[in-house]
Amino acid sequence: MHIRVINPNTTVAMTEKIELSARAVIGPGTRLDAVTPALGPASIESHYDEALSVPGILTEVAGGERAGVDGYVIACFGDPGLDAARELASGPVIGIAEAAMHAAMLLGRGFSVVTTLDRTRGRAWELAARYGAGRACRGVYGCAIPVLELDTDPDTVERVIAVGRAALERDDSDVIVLGCAGMADLCARVSAELGVPVVDGVAAATVFVQSLVTLGLRTSPVGEYAAPPPKHYTGLLAGFTRPDLAGWSAGPD
Ligand code: 5HY
């Protein structure tokens, strides 16, 4: 089985951290590649960033289809491009927010999300509602650390623990969801300090994709996630013209 984990931002150091988290949970027969798109934002902290991350994600899915990849993880807590990726991919595609929220709902009565910047909280609530976790999600909190400073800010882990502890108290929740792929390496430490399950969406999504592939299940090819109708794209996106018209081997690369 071959799983591709896509870091939707273009920061290689973050992809390396994401890869460590995913590699720690794959089975013996699973091949994993963690990829950094050649185009996109250095980090994703706004709707603008998220929108501009999607062509890079779809390029990595297209490349994965040529390479025979069986399933994909979108390793950004906004789950950018998830629906479009599902239309292109022949195997399952799971976003880390989706996976983390579903895992959290299996582990407790209510969860709280600890993310990076306050401005991304709206997106987390939107996804919680979309994934049927609107009631289980009891709070979303930023820790005022930009994505690319998670590794450099000496207070990061203490800050995440403090915000997590306050969230558990305030929300009367019993599970913490880490709201950024860049927090994957903090999971064990935060859980040990808070004494509750702490969910890293990268690991959860990787295991869920592996399970679906093992079950022989994939995204439904009919209806909403059927392959997109062939048409021409112009300008910067000319290379995204679907295979039916341009011959897939010439697709986005
Ligand atoms: C992430 N941004 O997981 C999100 C987290 C966030 O570049 N990778 C990013 O802050 O929304």
Any hit, region 44-64, residues being over 14 Å from the mean Cα position of the chain (by Cα), closer than 19 Å to residue 149 by Cα, within 12 Å of the ligand (Cβ to nearest atom) and of a type in the set (Ser, Thr, Tyr): yes
Residue within region 67-90 that is surrounded by fewer than 17 Cβ atoms within 10 Å (Cβ to Cβ), within 16 Å of the chain's Cα centre (by Cα) and of a type outside the set (Lys, Arg) present: yes
Which listed residue is at pLDDT 95 or above and touching a Cys at 6+ places or on another chain (Cβ under 8 Å), from 44, 57, 26: 44
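Quick check on my filter: what residues within region 127-183 are out of contact with any Pro (no Cβ under 9 Å at 6 or more places or on another chain), in contact (Cβ under 8 Å) with a residue 60 or more places away in the chain and more than 16 Å from the ligand (Cβ to nearest atom)?
Taking region 127-183 as the starting set, the residues that turn out to be out of contact with any Pro (no Cβ under 9 Å at 6 or more places or on another chain) are 127-152, 154-173, 177-180, 182-183.
Filter once more, so that each one left must be in contact (Cβ under 8 Å) with a residue 60 or more places away in the chain: 146-148, 151, 171-173, 177-180, 182-183.
Selection gives 171, 172, 173.
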Lone unmet requirement of (1) buried (at least 19 other Cβ atoms within 10 Å of the Cβ); (2) within 11 Å of the ligand (Cβ to nearest atom); (3) among the charged types (D, E, K, R); (4) within 18 Å of residue 170 (Cα to Cα) for residue 121: (1)
In region 103-117, the residues that are within 15 Å of residue 161 (Cα to Cα) and within 11 Å of the ligand (Cβ to nearest atom): 113, 114, 115, 116
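Could we say that residue 243 is surrounded by 14 or more Cβ atoms within 10 Å (Cβ to Cβ), in contact with a helix residue (DSSP H, G or I) (Cβ under 6 Å, 6 or more places away or on another chain) and modelled with pLDDT under 90 here? Give the steps one after another, and end with the answer.
Details: surrounded by 14 or more Cβ atoms within 10 Å (Cβ to Cβ): yes; in contact with a helix residue (DSSP H, G or I) (Cβ under 6 Å, 6 or more places away or on another chain): no; modelled with pLDDT under 90: yes.
Here the answer is no, as residue 243 does not meet what is asked.
Being among the small types (Gly, Ala, Ser) and farther than 25 Å from residue 6 by Cα: is that true of residue 188 here? I'd like the intermediate steps shown before the answer.
Working: among the small types (Gly, Ala, Ser): yes; farther than 25 Å from residue 6 by Cα: no.
Spelling it out, it is not the case that residue 188 is among the small types (Gly, Ala, Ser) and farther than 25 Å from residue 6 by Cα.
The values are calculated or read from the model by the stated rules, or taken from the named source; none is laboratory data. Because the structure is a prediction, the values reported are computed rather than measured. We place every Cβ from the backbone using ideal geometry, glycine too, and count neighbours over all the protein chains shown.
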